[in-house]
Amino acid sequence: IEQVPLTMVYQERGTLRQWIEALPSEHLKHRPRLCLTYAALLASSLDFEATETYLQLAEYSLQGVPEGEETIAVQQMLGEINSLRADLACDRGEIAEAIALCRTALEGIPRDHALLRGKLTLTLGVAYVYQGKIESAQQALTEAVNLSQAANNLYGMIQALYRLGWMHMFAGNIRLAY
């Protein structure tokens, strides 16, 4: 289950959730990747409190790595945790927090990880729209389209294009929205 790509989390939610819930809870608590995947599944069903619980478990599991020895994989996972928290903050209307979490996550994720960077810049663009920062939103959403395309993430690309149109409607640029 831990090897499941991020795209499967969005496409096969029911199957993944059944698999994870079939595991002994003790096994899950010590596996940060499983905690993070389960948190993403819980977030998609709007169970925000349980989502945060599993994000904290994932972080706690990652704390066993001695300081200074953090690997790229650990940094990436911390970025994924912040990415999910940014999505949740945006959903709750905590826009400044969402932007800060996106920026923090982007700092820790390698430039060549287009899939996760695309997801983060999409969330960042949406947050900027909510703040009324249309120029920043357009830049982030355009980057999200490009990153999603580079990652062959059709779902992310469609979402980013949709949000670009939504942003133009929000800004009163109806012609650009279509």
(request) Would you mind telling me the share, in percent, of accessible area of the chain contributed by carbon and sulfur at probe 1.4 angstrom? (result) 51
(message) Testing the spin-label approximation: label points 7 Å from Cα along Cα→Cβ at Leu161 and Leu46. State their distance in nm.
(response) 2.8
(message) Using a Förster radius of 35 Å, what is the FRET efficiency between His30 and Arg175 based on their Cβ-Cβ separation? Nearest 0.05, please.
(response) 0.05
(request) Quick one: compute a quarter of the convex hull surface over the Cα atoms of the stretch 84-148 and quote it in nm². (result) 3.7
(request) Treat every Asp and Glu Cβ in the chain as -1 and every Lys and Arg Cβ as +1, leave all other atoms uncharged, and give the resulting dipole magnitude about the Cα centre to the nearest 20 debye. (result) 620
(request) Please list 34-46, 107-119, 14-26, 164-176 highest first by mean number of surrounding beta-carbon atoms within 10 Å per residue. (result) 34-46, 107-119, 164-176, 14-26
(request) Whole number please: convex hull volume per residue, Cα atoms of the chain, in Å³. (result) 114
(request) Would you mind working out the accessible area per residue for the chain, using a 1.4 Å probe, and quoting it in Å²? (result) 56
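The values are calculated or read from the model by the stated rules, or taken from the named source; none is laboratory data. None of the values given here were measured: they were computed from a predicted structure. Virtual Cβ from ideal backbone geometry, glycine too; neighbours counted across all protein chains shown. The area values use the complete protein model at the heavy-atom level, side chains included, leaving out ligands, DNA and RNA. Shrake-Rupley method; radii C 1.70, N 1.55, O 1.52, S 1.80 Å.
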